[in-house]
Amino acid sequence: MRILVIGAAGRTGKQVVEQALGHGHDVRAFIRATALDLDHDRLEVVTGDVLEFEDVEPAVRGVDAVVFAVGSGGGREVTVYSQGIANVLHAMATHRVDKLVAISAAGAFARKDPRISLGFRLMMSTVLKPVYDDMERMEQRIAASGVDWTIIRPVGLTDGPLTGAYRVSLDGSLLPKAVRVSRADVAALVLKAVETRAYSRSTLVIAE
């Protein structure tokens with residue numbers, strides 16, 4: 001399988017790239033400007049801006065699946081998730097690519113849930129509000145599309161090891177006592193969603 005990883009230079013995206021190569025897939029890594037410190041004969045690195053359709057369209061051509069793992073530096077106005085996914089979905093339709101796995105965040109559409117700590121709920125209503133607003137717009141666009149999609153919402157991300165001992169909510173609801181999960185475990189779930197139809201048109205929450 002040839003997999004396009006958008007946001008491959010990020011810490012989670014890089015985990016997806018490394019594990020996909022380990023599973024024997026061909027990987028096209030879409031990065032903006034930073035270098036990707038990986039070298040493999042089944043790895044192709046392309047540069048571009050996810051907010052520019054002219055960059056996204058040729059990157060999608062010829063792949064079997066797309067992983068959307070972009071991140072945001074925050075700010076007063078965030079559009080990278082919703083506008084980026086709009087370009088990806090347009091390119092997927094153009095090239096008849098059907099499989100999409102997108103990484104969002106736990107708390108999307110559940111910002112007042114009491115299972116989230118009071119401190120983080122406060123952050124989601126203030127400094128993180130533009131990020132969550134845009135991630136929710138992204139999720140709405142994905143859900144309204146005709147592709148075979150999976151949305152994955154991790155809790156607090158760490159750089160811990162791949163454990164395989166993570167919990168998954170299959171309906172997008174928050175998990176009890178869910179505080180953190182390693183990026184490596186998130187990447188493992190991403191690849192399960194890419195490789196199988198077990199999570200087709202589903203929103204998952206992942207935590208350790």
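Laboratory data are not the source of any read-out in this text; all were calculated from the coordinates shown. Bear in mind the structure is a predicted one, so any value in this text is a computation, not a measurement. When we count neighbours, we look across all protein chains shown, and the Cβ atoms used for this are built from the backbone with ideal geometry, even at glycine.
Here are some notes:
- Relative contact order of the chain, defined on C-alpha pairs under 8 angstrom at six or more residues apart (%): 20
- Between the range 103-117 and the range 45-100, the alpha-carbon center distance in angstrom: 24
- Nonlocal Lys pairs with alpha-carbon distance under 21 Å, the chain (8 or more apart, or different chains): 5
- What you get for the chain, charging only the Cβ of Lys and Arg (+1) and of Asp and Glu (-1), is a dipole of about 840 debye around the Cα centre.
- Residue with peak Gaussian network fluctuation, the chain [Cα springs, cutoff 10 Å], from D171, D185, D49: D171
- Given (1) 18.1, 57; (2) 15.9, 48; (3) 27.2, 98, the label whose value is Rg and Dmax of the Cα atoms in Å derived from this model: (2)
- Zone of Q140's modelled label, taken as backbone nitrogen in the range 69-111 under 12 Å from a point 7 Å along Cα→Cβ: 82, 109
- Pairs of Cα atoms nearer than 8 Å and 6+ residues apart set the relative contact order; for the range 60-117 it is 47 percent.
- Helix 80-95 vs. the chain, principal-axis angle (Cα, 0 to 90°, nearest 10): 40
- A DSSP coil position with no more than 13 other Cβ atoms inside 10 Å describes the following trypsin sites (Lys or Arg not before Pro) in the range 1-61: R42, R61.
- The gain in end-to-end length when the R76 to R197 segment is fully stretched comes to 39.8 nm, 0.36 nm per residue minus the alpha carbon separation.
- Here the label points at D64 and D113, each 7 Å from Cα along the C-beta direction, are separated by 3.3 nm in the simple model.
- Whole-Hz couplings from phi, Karplus 6.51/-1.76/1.60, listed for the range 45-53; x for Gly and Pro: 10, 10, 10, x, 10, 5, 7, 10, 4
- Estimated distance in nm for a label pair at T34 and L51, the labels positioned 7 Å out from Cα along Cα-to-Cβ: 1.7
- Summed over qualifying helices (DSSP H, 4 residues or more, each -39500 (n - 2.57)) and divided by its residue number, the chain shows a 222 nm mean residue ellipticity of -10500 deg cm²/dmol.
- Helix 183-195 axis, angle to the chain major axis (alpha carbon atoms, nearest 10°): 60
- As a calculated quantity, the FRET efficiency between R2 and V127 at R0 = 22 Å, using C-beta atoms, amounts to about 0.05.
- Rounded to 5, percent antiparallel among DSSP beta bridges of the range 2-207: 10
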